[in-house]
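The values are calculated or read from the model by the stated rules, or taken from the named source; none is laboratory data. Since we're looking at a predicted model, the values are computed, not measured. Positions of Cβ are generated from backbone atoms using ideal geometry, with glycine treated the same way; all protein chains shown enter the neighbour counts. The accessibility values were calculated without ligands, DNA or RNA, using every heavy atom of the protein model including side chains. Shrake-Rupley method; radii C 1.70, N 1.55, O 1.52, S 1.80 Å.
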Amino acid sequence: GSHCGARLGSSAIISLVTCGAPASGKMIKELTGWYTEFIGSGSPLCHVSVTEWSKKNGVTVESQDRVDRCSRVTGETAKKAALLLNSWADSNGEVAITFGPRESVVACHSCHGASGMGQVRAGVVQDCVPCHTDNPHS
């Protein structure tokens, strides 16, 4: 139920192939941004991703349809990681960033980011809204 294994596995491969090069973190952030948009849940979390997809498609999380969906997601995520690595290798270590944080993430980070409140810190590109649907500040 934590982070999607497809994204974690692909992130690990990026780290291994790049040997911790500075671009590694950028590629992992790009992969995470792509994942949150491509998968459509706005979250890199397995629980959120699977639950939202299952509700949208009218199936249970125990269904074969969900199992098949996760297999497809794993393949697509590995493909995206390979494309990022190929681009990195072809560009002498540069990484093109196309996915930035959503507006809601930017808004949350204005208080809960690296320069904000230390006791409550938001994730890097994870959208807060899918889980925090109520306004905790009202």
Filtering segment 31-62 for residues that are among the acidic types (Asp, Glu) and either in contact with a Ser or Thr (Cβ under 6 Å, 6 or more places away or on another chain) or open to solvent by less than 80 Å² (accessible area, probe 1.4 Å) (or both) leaves a count of 1
All-but-one check, residue 65 against (1) in contact (Cβ under 8 Å) with a residue 40 or more places away in the chain; (2) more than 26 Å from residue 105 (Cα to Cα), failing number (1)
Given (1) surrounded by 15 or more Cβ atoms within 10 Å (Cβ to Cβ); (2) modelled with pLDDT under 90; (3) not acidic (Asp, Glu), residue 28 misses just (2)
Out of all the residues in segment 66-87, is one or more outside any loop (DSSP other than H, G, I, E, B), open to solvent by 70 Å² or more (accessible area, probe 1.4 Å) and at pLDDT below 90? no
